[in-house]
1. From the set of residues in the range 308-354 that are among the polar types (S, T, N, Q) and loosely packed, with under 14 Cβ neighbours inside 10 Å, which is nearest to V203 (Cα to Cα)?
2. What do you reckon, is Y322 closer than 25 Å to A124 by Cβ and of a type in the set (S, T, Y)?
3. Give the range 144-164 a look and list any residue that's over 20 Å from A272 (Cβ atoms) and surrounded by fewer than 16 Cβ atoms within 10 Å (Cβ to Cβ), or say none.
4. Quick check on my filter: what residues within the range 303-316 are in a helix (DSSP H, G or I) and under 25 Å from the mean Cα position of the chain (by Cα)?
5. Tell me, which residue of the range 212-232 that is among the small types (G, A, S) and in contact with a Leu (Cβ under 8 Å, 6 or more places away or on another chain) is surrounded by the fewest Cβ atoms within 10 Å (Cβ to Cβ)?
6. Is it the case that A158 is within 19 Å of T51 (Cα to Cα), assigned to a helix (DSSP H, G or I) and at pLDDT 85 or above?
7. Scanning for something aromatic (F, W, Y) and at pLDDT below 80, does the range 131-152 turn up at least one residue?
8. Taking only pairs six or more apart or across chains, which ones have beta-carbon atoms under 8 Å, a first residue in the range 264-279 that is under 13 Å from E225 (Cα atoms) and free of Cβ contacts under 8 Å to residues at least 12 places away in the same chain, and a second residue that is in a helix (DSSP H, G or I) and among the hydroxyl-bearing types (S, T, Y)?
Amino acid sequence: MQNIEVGGSHSLKNGPLLKKATNPPVAESAIKSLVHFFAGAVGGLTTALLTSPLDVLRTRLQSDFYESTVDKKSRPIALRPLSAPVHHLHETFRILFSIHRVEGWRSLFKGLGPNLLGVVPASAIKFYTYGNCKRFISENNICAEDGVLGHTISAAIAGIVTGTATNPIWLIKTRLQLDSSRQNASTPIPRRYKNSLDCIRQVVRQEGFKGLYRGLGASYLGVVETTLHLALYEQMKIAMRRKETASDSLKGRSASSRATDGIGMAGAAGLAKLLAVLIAYPHEVVRTRLRQAPMNNGLHKYTGVVQCFRLIWIEEGTRALYGGLTPHLLRAIPSAAIMLGVYEVIVSAFDDSK
């Protein structure tokens, strides 16, 4: 009787606990999704604000705007390997200051509105899709969650979903950044678009709804960069965690220790981004060209991914496929470091608080 009573008492005591055990995982999963959203949003918003001038410059250098406004005779025919990086940095900042001088400081933040509007949903979709894909792959024993194949599949799906959902936002941002007004010139050139809403109206009216998805094919090529970045980052992160000792486990760690981890993760994110960009960069140029506004006759100079590659190659050479690489790296590396660094610190802090 004593045993039954103890057993019954144990059951009664554990009955509510069993119910609680089934509910918290659902609530915890929802909360963790919000944590992922918040972490990505904070990192994205911060990088968008801090790197907007370089984003404007990068977009212009990727387009044919730079080709038509800079005197080609002023460019050196050949550069020594050691002096080339210095020259590119010098040219990058020279053009940056010329934009400020000719068009005003506000021109350095063109497209910031749609950029900010795009960062939050893009970050939310990307990290939500990526994390859930990894969990789905692991739970269904498709492959190891921490394996290269699992990371590659998850990153590719996240890149495709994010690119499809946010392409209209980035198209509007690109159009606004390429929309230049030179009031100091002998023949002033007015801006084509008044603001983001006006840009959307003109695109839909002149090019149809599908005009908002110009450059989507090149964005899908960009999935290669996203996949390389996240897969390389995850493998670097795994290698870093393998070096941790048993006494340096995640639970019970100090805030300074978590901050150190964040710095390490940020460094890994930056290095992974550098490698991914160097491998897959030409798609960025093609995507920007495809998103350019129509010419004065209403026709698009670039009509497709393959045609765009060929035309750039014929008219401007291989070098043009890497136009804007320097400002892109100056922006992309710290952006990736901040984004994933903030993400890891916030998620780690949430895990430690459980």
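The values are calculated or read from the model by the stated rules, or taken from the named source; none is laboratory data. Computed from a predicted model, the values in this text were never measured in an experiment. Virtual Cβ from ideal backbone geometry, glycine too; neighbours counted across all protein chains shown.
1. Step one: filter the range 308-354 for residues among the polar types (S, T, N, Q), giving 318, 326, 335, 348, 353.
Those left that are additionally loosely packed, with under 14 Cβ neighbours inside 10 Å: 318, 353.
Values: T318: 30, S353: 48 Å.
So, considering only residues that are among the polar types (S, T, N, Q) and loosely packed, with under 14 Cβ neighbours inside 10 Å, the one nearest to V203 (Cα to Cα) is T318.
2. Spelling it out, it is not the case that Y322 is closer than 25 Å to A124 by Cβ and of a type in the set (S, T, Y).
3. Listed by number, the list holds a single entry, T164.
4. Applying the first criterion (in a helix (DSSP H, G or I)) to the range 303-316 yields 305-316.
Within the range 303-316, V305, V306, C308, F309, I312 qualify.
5. The extreme case among them is G217.
6. Details: within 19 Å of T51 (Cα to Cα): no; assigned to a helix (DSSP H, G or I): yes; at pLDDT 85 or above: yes.
Taking the combined requirement at face value, the residue does not satisfy it.
7. No, there is no match, as no residue in the range 131-152 is aromatic (F, W, Y) and at pLDDT below 80.
8. So the pair list comes out empty.
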